[in-house]
1. Any residue in region 258-265 that is farther than 30 Å from residue 24 by Cα and touching a helix residue (DSSP H, G or I) at 6+ places or on another chain (Cβ under 9 Å)?
2. Being in the same structural domain as residue 151 (by TED's automatic domain parsing) and over 30 Å from residue 132 (Cβ atoms) narrows it down to one of 94, 41, 78, so name that one.
3. Can you confirm whether residue 64 is part of a strand (DSSP E or B) and either surrounded by 12 or more Cβ atoms within 10 Å (Cβ to Cβ) or in contact (Cβ under 8 Å) with a residue 40 or more places away in the chain (or both)?
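The values are calculated or read from the model by the stated rules, or taken from the named source; none is laboratory data. Note that this is a predicted model, so its numbers are computed, not measured. Please note: Cβ atoms are built from the backbone with ideal geometry, for glycine as well, and neighbour counts cover all protein chains shown.
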């Protein structure tokens, strides 16, 4: 909001409408059409549509190699102070089995639809304190789901308990909540990603068109950096040597495409 209000104070005008078309003439961006019927003349168009990058790219008929993954999070009160209020982001980096009692494990194993709860879970359970009260966030993408974005993403009602049990490997006192977990608040959204989990920042094949996005789960951390990079490209300023590593044109390089086949770990939680 600070950046937004600062931009407005310096003359940026915010228009709330859907972009229904991009006016391209002789290979150059000439403006945009809005759902209000208005046409805004502009030699620049930036696709910054987050999870809807692929939908907006259709306005320019430019392919973007991105997909969206559903990621959930659960917030609970932590009256027992299992996670200290000054704690940093805490991450468990080992795969694990969920801690069930012997009878629970046996019952789950006998149920075909629930047997997966007794199998090995991936690494990445993490938590951190939230706000000034006693709330903590629990996050663990143990089932990566690639899907097209919708306004109300589907929620996994088992998520809070699974995340809680997964965090007990790192924070054993989480077990004190097994019998009676505080009422969770479940929420979720989409990570927009390229295959190798690098962002897309830079010009598109249509003159005057740019993209900024696919910043996955590190958007807040990278937003100012990728914004500054794109601003330099749009205005013709000096760009750093690594700029080409984030441009769409990187996929035109046969060597880069070959590297993608064996990219390995992408660092995603």
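1. Within region 258-265, the first condition is being farther than 30 Å from residue 24 by Cα, and the residues that meet it are 258-265.
Filter once more, so that each one left must be touching a helix residue (DSSP H, G or I) at 6+ places or on another chain (Cβ under 9 Å): 260.
For region 258-265, residues farther than 30 Å from residue 24 by Cα and touching a helix residue (DSSP H, G or I) at 6+ places or on another chain (Cβ under 9 Å): present.
2. Numbers: 41 fails: in the same structural domain as residue 151 (by TED's automatic domain parsing); 78 fails: over 30 Å from residue 132 (Cβ atoms).
Just a single option satisfies the conditions, and that option is 94.
3. On the way: part of a strand (DSSP E or B): no; either surrounded by 12 or more Cβ atoms within 10 Å (Cβ to Cβ) or in contact (Cβ under 8 Å) with a residue 40 or more places away in the chain (or both): yes.
No, not satisfied.
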